[in-house]
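Nothing in this text is a laboratory measurement; each read-out follows from the coordinates by a stated rule. In this text the structure is predicted, and so the values were computed from the model without any measurement. For neighbour counting, all protein chains shown are included, and Cβ atoms are generated from backbone atoms with ideal geometry for every residue, glycine included.
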Amino acid sequence: MAAIVVDANITVALFVRLPYSDVVDNLFSLWRRQNVPLYAPSLWPLEVASSLRKAVAVKQVSEEDALQALARLERLGVQVIAADTSLLRSSLTWARKLNQFVAYDAQYLALAESLEAELWTADKRLAGAARSIGTTFVHCIQD
């Protein structure tokens, strides 16, 4: 199996009970057993932390559980890749192609493209937009 770029939204499903948490648990277990390299752009831990904060605010998880989740984040084995000029340029190109006003989601696509990896997300809109322009390396956990 090729390398995988993981979106923050599927990572959060490991820590917050979501409709697709079981699928995410199974995928991460499979990737770990198969020693699949996992990657994420540098905004990934910040997005995960923000999502955990939101889950605390709406009482999906306790603050203690959120802090434990952050500690477990490092043990997932996801290599965080810093944004360089090339990755940022590519993310702007992806944002334009997908008709997005911001380039956050596009960084995941840019990184996956640069690594010749698959991107796994729970964002149906992002996956649909990518597929609509012929992108084949984006997979939605909710499909």
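Using bins 10 angstrom wide from zero, how does P(r) for the range 61-117 break down, in % of all Cα pairs?
22, 34, 26, 17, 0
If you take the charge dipole of the range 4-140 about its Cα centre, with +1 on Lys and Arg Cβ and -1 on Asp and Glu Cβ, which of Leu43, Ala127, Ser86 is farthest toward its positive end?
Ala127
For Arg125 and Lys97, FRET efficiency with R0 = 22 Å and r from the beta-carbon atoms, rounded to 0.05? Working shown, then result.
Numbers: r = 14 Å, r/R0 = 0.65.
FRET efficiency, Lys97 to Arg125: 0.95.
Could you compute Rg(Cα) / (2.2 N^0.38 Å) for the range 4-143, with N its residue count?
1.02
Taking only Cα atoms, what is the 0 to 90° angle, nearest 10, from helix 104-115's long axis to the longest principal axis of the chain?
So the inclination is approximately 70 degrees.
Alpha carbon centre of the range 87-133 versus the range 25-41: separation in Å?
Spelled out, the Cα-based centre of one part sits 20 Å from the other.
In percent, what relative contact order does the chain have, based on Cα pairs under 8 Å that are 6 or more apart in sequence?
Computed value for the chain: 31 percent relative contact order.
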